[in-house]
Each structure stands twice: as structure tokens, then as C-alpha cells.
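J.: Sending over a structure as C-alpha cells; questions will come in a sec.
The values are calculated or read from the model by the stated rules, or taken from the named source; none is laboratory data. Quantities reported herein were computed from a predicted structural model and do not represent experimental measurements. Here Cβ is always computed from backbone atoms with ideal geometry, including for glycine, and neighbour counts include all displayed protein chains. Just so you know, the surface numbers come from the protein's heavy atoms only, side chains and all, with ligands and any DNA or RNA stripped out. Shrake-Rupley method; radii C 1.70, N 1.55, O 1.52, S 1.80 Å.
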Amino acid sequence: KAGVTQTPRYLIKTRGQQVTLSCSPISGHRSVSWYQQTPGQGLQFLFEYFSETQRNKGNFPGRFSGRQFSNSRSEMNVSTLELGDSALYLCASSLADTSGGTDTQYFGPGTRLTVL
Amino acid sequence: AQSVTQLGSHVSVSEGALVLLRCNYSSSVPPYLFWYVQYPNQGLQLLLKYTSAATLVKGINGFEAEFKKSETSFHLTKPSAHMSDAAEYFCAVNGGNQFYFGTGTSLTVIP
């Protein structure tokens, strides 16, 4: 079974631009979570989608948004990019509702975003 | 609320020596705990997970972790370090719809 895929792998943008990142979960997985990883802040939770609905959201400004499609693929959008948005953006998928606490997240390779 | 604390942001061991990476958790309910490994410029890879079936959990690449409720710990160990173990290791707890990750421990293996 194919793993989580993320596109593109690398991205260079300039301040003020917007960017869209894509994540395709493992087949059959309905939950997709996004994380921002930086050397100083570690892994920070952005949001989680399940069955096209955002179920949980981290403490990020409204410039960060996402959506999930009926096939569980997810996109993340960042508008009006700032230098501080430079990071590795990781997507993780899991099989089903995680509220039972037994599910496992499987990560993609990430998208490295550089904002100049 | 759930959280994890990883003690030691950097750990160095000699090749062949014991690896011990520390993780303490805080959880108001029985926790489900995970260890992930991240190699440079890659995503996180699951090493092992604890889901209350057994307190000693064996994972991939010779790693194992022991859940100790009395100490609220879930430390990761490997009897003999290999050069290929050099990476960043993250402990995580599942808190409902969200995973909570520790700040990570960078493992250096000295030849």
C-alpha cells in the first residue's frame, strides 16, 4: 500500500505570495492532520480534517487554512506569506476517527517551504 | 489534557553502547503513546506504539519502550547503538483528535 504523499517536496516563494500544499493520505485513511516543523518550535499542530470537516485546529493565524476532499486528499493554503512561515510542513494520515485513542498517524515526507 | 516531555534535546552515545531516550507523559486518561524517528529531510516514521496491550513494546530497528504508569514514563531504549540510528526522535501521546508531540531528542552516534 502506498504511503502518504505530499507535493511539492520543495517550494520557494517570496513574501506576500500565497501557496498551496497537497497531501494524499494512505488509501482508506479518512483523517488528515497538518503540522509545521521548524528548528525553534518543533512540531506544531495546524489542523485536522476528517470526512471533509475540520475537527481540530491549532493556534495559527487565519492565513493558514485547509480543506479536505471527498477522496480524503487534503490541501493546505497559506496566504500573504511571511519569512517566519519558512518550515517543513508535514501531513499525517490515520485510518479512522482518532477519538478512541488507538489510532496511529503515518507521515508523509513533507514539503519544505522557503519564503524569501 | 495530554502532553509529553522529552528530557534532553541532544544525546550522544558511542557505537555499540546503550541508547536511552527519555519521555514522560501527562494524561488525564489512559494514554496511547508513540515513538517516531525522523531522518534528515524526511517525514516521521513510526518506531513503536503503546496501546495498553503490554507494557514492554518492541518496535522496528531493535528499539523498545517500557510503559511505567507509576513513573508516567515511556522511555525508548536500544541495547546497542548503530551509526544508522543517528536521527531525531519524537515521543507523542494521542489526545483524542490530536497528537501531542515532544520537542524531540537528537541522537548522535560516535564511531
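J.: Quick check on region B:10-34: of everything there that is assigned to a strand (DSSP E or B) and in contact with a Gly (Cβ under 7 Å, 6 or more places away or on another chain), which residue is farthest from the other protein chains (Cβ to nearest Cβ)? Give the steps one after another, and end with the answer.
T.: Here is the first cut: in region B:10-34, the residues assigned to a strand (DSSP E or B) are B:10-14, B:19-26, B:33-34.
Checking the rest, the ones that are also in contact with a Gly (Cβ under 7 Å, 6 or more places away or on another chain) come to B:22-23.
Numbers: B:Arg22: 16, B:Cys23: 14 Å.
If we take residues in region B:10-34 being assigned to a strand (DSSP E or B) and in contact with a Gly (Cβ under 7 Å, 6 or more places away or on another chain), then B:Arg22 is farthest from the other protein chains (Cβ to nearest Cβ).
J.: While we're looking at this one, here's another question. Across region B:76-98, which residue is most open to solvent (accessible area, probe 1.4 Å) among those that are within 14 Å of chain A (Cβ to nearest Cβ) and within 14 Å of the chain's Cα centre (by Cα)?
T.: Only one residue tops the list, namely B:Glu88.
J.: Out of the residues in region A:19-50 that are part of a loop (DSSP other than H, G, I, E, B) and surrounded by 12 or more Cβ atoms within 10 Å (Cβ to Cβ), state the one that is nearest to the chain's Cα centre (by Cα).
T.: A:Pro25
J.: Which condition from (1) open to solvent by 70 Å² or more (accessible area, probe 1.4 Å); (2) in contact with a Ser or Thr (Cβ under 9 Å, 6 or more places away or on another chain) is the one that B:Val29 breaks?
T.: (2)
J.: Within region B:60-69, identify whether any single residue is within 30 Å of A:Phe50 (Cβ to Cβ), out of contact with any Leu (no Cβ under 6 Å at 6 or more places or on another chain), open to solvent by less than 50 Å² (accessible area, probe 1.4 Å) and at pLDDT below 95, and answer yes or no.
T.: The answer is yes; a qualifying residue exists.
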